[in-house]
Amino acid sequence: MRKLLLAGLLALSLVLAAPLAQAQEKKEISVGSTVYYMTEFITLMVEGMQAEADELGVKLTILDANNDASTQLSQVENLIASKSDVILVAAVDADAIVPALDMAEQANIPLTGVNMLMNTDKPYYYAGPNDVEAGELEAQYVVDAIGGKGNVVILEGPIGTSAQLQRLEGNMNVLKNYPDVKILAQKPANWNREQALNTMENWLQTYPGEINGVISHNDEMALGAIQALEAKGIKLPVGSVDAIKDACQAIKEGRLDATVFQDAHLEGRLGVRVAYQVATGNPPPERINFIKMELITKDNVDKLLDTIYK
Amino acid sequence: MGEALNVSRGGRGGSGPEGSFSWKQFLLKYNIILILMLICLALSIYTNRFLNQENLINITRQVSINGILAVGMTMVVLTGGIDLSVGSLVALSGVVTAVLLRDHHMAIPMVVVVSVLVGLVMGSLNGYFVAYCRAAPFVVTLAMMTAARGMTYVYSKGRPISPLPADFLFLGKGNLWIVPIPVIIFFLTFLLGVLILRHLRIGRYIYAVGGNETAAVVSGINAKRVKLFAYCFSGLLCGLAAIILTARVSAGLPQAGQSYELDAIAATVIGGTSLAGGRGRLWGTLVGALLLGVVNNGLDLMEITSFYQQIVKGVIILGAVLLDSKRHSA
């Protein structure tokens, strides 16, 4: 009998989970969203999404695809089945999300994008960062800091992700204009501080005294690289992307030189707003809505430290 | 499936007399189906979006990749082993598939054969090191998991590979009447697994080797060959799953398949297969895979935010396994 009881409890656990779900009222607009993974950045973005949804009186569901493209497709299927009015996607992969657009089209539910562009010719509405611009801004900063000549290394994001591809594209857009700047090495450290630390240590061994600047695709990796540099007593210009709190403090302390701010909260708000406008039949004038990317240095870092990171 | 159950119990002694029917025995034996039904019932009561044709088809489509991998995983676990490399092998076969289609314009049937062969070859390496070099399965397949992921990155140069021909995408998105192609492939795979475990000699050998390897060897079974077979089969199914995954997401993704081994192991264990080997049933794995799929789908439909979903899923996996351990100690 105890086993039966246990079985009952298991089923009950699902029923008990029900109050966790938001109340189901069909009159209000419902936005079903799936985001690629709950990173610190996405968590901030999701807070912005929720804030905007609350203001608009929209019901928002947020699913986490755990960085798996196939899981994300399943979630889109489930959101279609649950009759969301609009589906908002921060894609795991720019190519692999394309079937979701087809599914949504067939189900006659609009699908809009946030944070990650989709690799398709089909028109869709989007709000998010301009990662190519971010890559250009950080590379330009580092190139200027080393006087337009010298050797740089690049710490890349996970291979094949849109952010890695686009930030690298931005890096290259700048670097190709400077024949005297040589890329000594480039390697993915997967957004990871410790991996970047190890990679930078190895580079310092391989190219002693030859590295003049570091370009990193995100702050975590930049901070790892800086730890490796500091351990050797070296100070080099480091450019980065994201402007997380740790990075802003590092800039304030003079350990990091520059990062590019992508306002996660604003991005989340804009994502939900665009989705809402599309669902209610008043889409924004432009399909692709880039949020402004901003270079953060010692000169303007206080603006972030005094507001969102207070 | 009574026969399979008898066989499966062969190594460890059955629980209770067969023949005389008792509800208690029945419920204990099929508790996993019972849980699945209870969860379905709870979901149907809670939301009217669960129990309809479209959603049920969604669920079966969503479980097919994990289901296929879990069939291979069950085979390996029955021998007392484990295969941690399945996610990486799916990714490797997937990018090979995509490159052959996009850059070499190879005919689709040939691509399917090559993808399955890639999985088979990598699986045979797993099997060789486990069976003939007596290395621990956990370590061998962990090494393969890392190495195969690396090969995937090298082969794809780390980039997603697309576009792929529309004919090929049919394998992931298409339907035969209303049944999705992935579901048909999964079902055929399951039948093949049942055929092997129930009706072929190698199937009985798998149970024997997993139950008591020494006894199996003494009674003349070539335990090495049996293990090699299990890992080859698991690898082969990775190649098959890769076809579906690649067609479903319409791209060869170098980072695809991460942690798929854990889902396959979860389905296997929820289905009642013992990680110690020698005891388990393929239909249990089927129900285990369905259970995971229903829970994923149901929590999405209930619009429960992902953080809570993982807690609920953890509770369900643990609960199902506890229930099963009670059954076997009863």
So, over other residues within a Cβ distance under 11 Å of B:Val249, counting Lys, Arg +1 and Asp, Glu -1, the net charge is -1
Just reorder B:Arg159, B:Arg248 by solvent-accessible area, largest first, 1.4 Å probe, all chains present.
-> B:Arg159, B:Arg248
Taking only Cα atoms, what is the 0 to 90° angle, nearest 10, from helix A:40-56's long axis to the longest principal axis of chain A?
-> 40 degrees
Just name one of B:Thr273, B:Leu291, B:Ile304: the one whose Cα is farthest towards the positive end of the charge dipole of segment B:237-330 (beta-carbon charges, Lys/Arg +1, Asp/Glu -1).
-> B:Thr273
For chain A, which whole-number percentage of the solvent-accessible area (1.4 Å probe, protein heavy atoms only) is attributable to carbon and sulfur atoms?
-> 51 percent
Three-way shape call for the protein assembly as shown based on the alpha-carbon gyration tensor, with the a/c threshold at 1.5 = prolate
With all protein chains present, calculate the accessible area of B:Cys133 using a 1.4 Å probe and round the result to the nearest 10 Å².
-> 60 Å²
Dipole magnitude (debye, nearest 20) for chain B, charges at Cβ of Lys, Arg, Asp, Glu | 600 debye
Point-charge dipole on Cβ atoms (K/R +1, D/E -1) for the protein assembly as shown, about Cα centre, debye to 20 | 3060 debye
Extension gain, B:Phe26 back to B:Leu195 (0.36 nm per residue minus Cα-Cα distance, nm) = 58.4 nm
Local electrostatic count at B:Tyr128 - Lys and Arg +1, Asp and Glu -1, tallied over other residues with Cβ under 13 Å | +4
Between A:Leu184 and B:Leu56, with labels modelled 7 Å along Cα→Cβ, what's the label distance in nm to one decimal, could you check?
-> 6.4 nm
Taking every other residue with Cβ under 14 Å from the Cβ of A:Glu55 and scoring Lys and Arg +1, Asp and Glu -1, one gets -1
Kindly provide the helix-only [θ] at 222 nm of chain A, computed as the sum of -39,500 (n - 2.57) over DSSP H runs of four or more divided by all residues, to the nearest 500 deg cm²/dmol?
-> -14000 deg cm²/dmol
What spacing in nm lies between the two simple spin-label points modelled at B:Phe170 and B:Ile33, each 7 Å away from Cα in the Cβ direction?
-> 3.6 nm
Hey, can you grab everything whose amide H is under 5 Å from the amide H of A:Ile296? Only 5+ residues off in sequence or another chain; H modelled, so Pro and N-termini drop out.
-> A:Thr259, A:Val260, A:Phe261
Distant-in-sequence amide H partners of A:Val114 (H built 1.01 Å from N, under 5 Å) = A:Val89, A:Ala90, A:Ala91, A:Ala127
Using Cα positions and a limit of under 12 Å, work out the aspartates and glutamates in reach of B:Lys224, with same-chain residues fewer than 8 apart set aside.
-> B:Glu213
1.4 Å probe accessible area per residue over chain B, in Å² | 40 Å²
Between A:Lys235 and B:Val121, what is the FRET efficiency for a Förster distance of 56 Å, r being their Cβ-Cβ separation, to the nearest 0.05?
-> 0.65
Mind grabbing the accessible area of A:Glu105 for me, 1.4 Å probe, Å², rounded to tens?
-> 110 Å²
Kindly state, to the nearest 0.05, the FRET efficiency for B:Ala143 paired with B:Met110, given R0 = 25 Å and r defined as their beta-carbon distance.
-> 0.25
Can you give the helix-only mean residue ellipticity at 222 nm for chain B, where every DSSP H stretch with n ≥ 4 adds -39500 (n - 2.57) and the sum goes over all residues, rounded to the nearest 500 deg cm²/dmol?
-> -24000 deg cm²/dmol
Sequence neighbours fewer than 8 away in the same chain don't count; with that in mind, list the lysines whose C-alpha is under 16 Å from A:Lys59.
-> A:Lys26, A:Lys27, A:Lys83
Determine the dipole magnitude for chain A: charges of +1 sit on the beta-carbon of Lys and Arg, -1 on that of Asp and Glu, nothing else is charged, the reference point is the Cα centre, and the result goes in debye to the nearest 20.
-> 500 debye
Answer rounded, prolate or oblate for segment A:118-196, using the Cα gyration tensor with square roots of eigenvalues a ≥ b ≥ c: rounded when a/c is under 1.5, else prolate when a/b is larger than b/c, else oblate.
-> oblate
Using a 1.4 Å probe over the heavy atoms of the protein chains, calculate the carbon and sulfur portion of the accessible area of segment B:50-329 as a whole percent.
-> 69 percent
Largest-first ranking of A:Asp144, B:Asp300, A:Asp302, A:Asp121 by accessible area, probe 1.4 Å, whole protein assembly kept, is A:Asp121, A:Asp144, A:Asp302, B:Asp300
What is segment B:50-329 by shape, rounded, prolate or oblate, if you read a ≥ b ≥ c off the alpha carbon gyration tensor as root eigenvalues and call it rounded for a/c under 1.5, prolate for a/b larger than b/c, and oblate otherwise?
-> oblate
Selected from B:Ser22, A:Leu56, A:Ile183, residue furthest toward positive end of dipole (the protein assembly as shown; charges at beta carbon) | B:Ser22
Solvent exposure of chain A as accessible area per residue, Å², 1.4 Å probe = 41 Å²
What residues of segment A:229-269 lie in the reach of a label at A:Ile308, counting those whose backbone N is under 17 Å from a point 7 Å from the Cα along Cα→Cβ?
-> A:240-252, A:258-269
May I ask you to derive the FRET efficiency for B:Ser219 and B:Leu318 from their Cβ-Cβ distance with R0 = 30 Å, giving the value to the nearest 0.05?
-> 0.20
Hey, what do the phi angles of segment A:118-124 turn into as Karplus ³J(HN,Hα) couplings, whole Hz, using 6.51/-1.76/1.60 and θ = phi - 60°, x for Gly and Pro?
-> 9, 8, 8, 8, 5, x, 8
Just give the residues from segment A:86-110 buried by at least 20 square angstrom of accessible area in the all-chains context relative to the isolated chain, probe 1.4 Å, and say none if nothing qualifies.
-> A:Asp93, A:Asp95, A:Ala96, A:Pro99
Long-range HN-HN contacts of A:Gln186 with modeled amide H, under 5 Å | A:Ile154
Of the candidates B:Ala70, B:Gly203, B:Gly193, the farthest towards the positive dipole end of segment B:50-329 (Lys/Arg Cβ +1, Asp/Glu Cβ -1, centred on the Cα centre) is B:Gly203
Residue order for B:Ser124, B:Ser64 - accessible surface, 1.4 angstrom probe, largest first | B:Ser124, B:Ser64
What quantity of accessible surface, computed with a 1.4 Å probe and excluding non-protein components, is buried in total between chains A and B, in Å² to the nearest 100?
-> 4400 Å²
Violating pairs (Cα-Cα greater than 18 angstrom) within the set A:Lys182/A:Lys232; A:Lys187/B:Lys157; A:Lys149/A:Lys182; A:Lys149/A:Lys176 = A:Lys182/A:Lys232
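The values are calculated or read from the model by the stated rules, or taken from the named source; none is laboratory data. In this text the structure is predicted, and so the values were computed from the model without any measurement. We place every Cβ from the backbone using ideal geometry, glycine too, and count neighbours over all the protein chains shown. Remember, those area values only see protein heavy atoms, side chains included, never the ligands or the DNA or RNA. Shrake-Rupley method; radii C 1.70, N 1.55, O 1.52, S 1.80 Å.
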